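The values are calculated or read from the model by the stated rules, or taken from the named source; none is laboratory data. Quantities reported herein were computed from a predicted structural model and do not represent experimental measurements. With ideal geometry, Cβ positions are generated from the backbone for all residues, glycine too; neighbour counts draw on all protein chains shown.
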Amino acid sequence: MDRMGWKARHPNHDLRLNMDKKINFDTRLVRTGSDPKNQKGVINPPVYRASTVIFPTVKAMKDAEKIKFDTTFYGVLGTPTTFALEDAMAEIEGGYRAVSVSSGLAAITTALITFLKSGDHLLMVDSVYGPTRNFCNTTLKNFGIETTYYDPLIGTKIKELIKPETKIIFTESPGSYTFEIQNIPAIVKIAHEHNIKVILDNTWSAGYYFKPFDYSVDISIQATTKYQAGHADVILGHIIAKTKQDWFELKLTTGALGQAVAPDVCYLALRGIRTLSVRLEEHQKNAIEVANWLSKRPEVDTILHPAFTSCPGHEIWQRDFTGSSGLFSIILKDFSTKQVNEMLDHMDYFAMGFSWGGFESLIVPCDPTKIRSATKWNASGPLLRIHVGQEDVQDLIKDLERGLNRLSGKKI
């Protein structure tokens, strides 16, 4: 696959990347995926809405078809707006190139079926996002692909689970709801010794606080719905590949599946990326302040925040990550479901809703015992997952204080 079409779209791209390596990453975030010289001086890439793309001659059409993944050929394969966002996503993660898909879950499922076939074996982390588990237990099973779930803290012992048919080790660090940090370098080393690819769901770090390709991860997944878009109004996913060959295989799959992303959505995500670093800094600061306050409350048993020593894998987080985002969990003392509901039903600023990464604060209950098979979830009481948004942190703390008082039956 040659890159003539891609280079034609971005004639100064290689020069710009070489220059960017000499400047700070936050500056690159602001600049990447933008080419004002080819946009008539406009800073933001326009929204190209297109199904049909026309060609002046038969030769031009046939030439474009040869490199259709690298140029604007047909709307379903992408427009300049899509490509601008993909350039930015690859730049953030440090990968070769990115592929846009319709959601974070679509990024996961598309990556899996790209590199798995009937008769293959998949090693899947036990703390994984629930819909990923469902896909493994239904669609992949129906396709004759075997899944074995493993302890997220398994580290080098993962080699004991590898079979001749193992083709993928899927990781998610930290884990959904329970926030175990995985030893990605150790897993990658063993995987590559056995010619196995490693896929990482890297959404929690937004590709900002953990650089997967620095640790030789093969494929990184981002639910761009979350921190990149950042405003709770986008559904989007990206798959970022380390190598040209893996990127090409992913493009073949997305093309075969008819995966398409609206340019308006790409525009919103690209706009969100410009403020990613300042938003993440605020999410991090607010979440740590809230978690510190919660750690002193008598109703709370454990803080599952990677920056806290009580979180499994905290030492690995210290070694491999450069920061933390706004999402974490707490384990309460032994309160009943009725008491927890009384707390949650009357929150003022913490809304109940799935997803996270937006400006709004969220809180949801979860029972990990229902979504584990390789490990047993033992906790003193109920688990609450919290996303700390952009509201004033003192207002958030007061909201939680009122909620915990309701939980324990204290008069407010």
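Okay, here's what the table says:
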{"item": "Of residues in the range 67-86 being farther than 16 Å from L257 by Cβ and part of a loop (DSSP other than H, G, I, E, B), the one modelled with the highest pLDDT", "result": "T79"}
{"item": "Test result for N137, surrounded by fewer than 18 Cβ atoms within 10 Å (Cβ to Cβ) and of a type outside the set (A, V, I, L, M)", "result": "yes"}
{"item": "Filter result for K333 (over 28 Å from D151 (Cβ atoms) and of a type outside the set (G, A, S))", "result": "no"}
{"item": "Residue in the range 86-105 that is over 18 Å from the mean Cα position of the chain (by Cα) and assigned by TED's automatic domain parsing to the domain that holds A260 present", "result": "no"}
{"item": "Pair list, Cβ < 6 Å and 6+ apart or interchain, from the range 69-80 residues that are farther than 16 Å from C266 by Cβ to residues that are modelled with pLDDT under 85", "result": "D70/R3; D70/G5; D70/W6; T71/G5"}
{"item": "Qualifying positions in the range 316-344 - surrounded by 18 or more Cβ atoms within 10 Å (Cβ to Cβ) and charged (D, E, K, R)", "result": "D320"}
{"item": "Single residue of L327, L304, L294 found to be farther than 30 Å from L112 by Cα, in the same structural domain as E391 (by TED's automatic domain parsing) and hydrophobic (A, V, I, L, M, F, W, C)", "result": "L294"}
{"item": "Strands (runs of 3 or more DSSP E) contained entirely in the range 176-247, each with at least 2 residues that are over 21 Å from S325 (Cα atoms) and not assigned by TED's automatic domain parsing to the domain that holds E315", "result": "197-201"}
{"item": "Qualifying positions in the range 263-282 - closer than 25 Å to V393 by Cα, of a type outside the set (A, V, I, L, M, F, W, C) and assigned to a helix (DSSP H, G or I)", "result": "G272, S277, R279, E281, E282"}
{"item": "Of all residues in the range 220-263 being of a type in the set (V, I, T) and more than 21 Å from P174 (Cα to Cα), the one that is surrounded by the fewest Cβ atoms within 10 Å (Cβ to Cβ)", "result": "T243"}
{"item": "Condition met for A374 (touching a helix residue (DSSP H, G or I) at 6+ places or on another chain (Cβ under 8 Å), within 30 Å of I158 (Cβ to Cβ), of a type outside the set (F, W, Y) and assigned by TED's automatic domain parsing to the domain that holds L332)", "result": "no"}
{"item": "Matching residues, the range 26-53, being of a type in the set (A, V, I, L, M, F, W, C), closer than 28 Å to R279 by Cα and touching a residue at least 12 places away in the same chain (Cβ under 8 Å)", "result": "L29, V30, V47"}
{"item": "Some residue of the range 291-298 being charged (D, E, K, R), under 17 Å from the mean Cα position of the chain (by Cα) and either closer than 21 Å to P382 by Cα or at pLDDT 95 or above (or both)", "result": "no"}
{"item": "Given (1) at pLDDT below 95; (2) surrounded by 16 or more Cβ atoms within 10 Å (Cβ to Cβ), number of the condition K376 does not satisfy", "result": "(2)"}
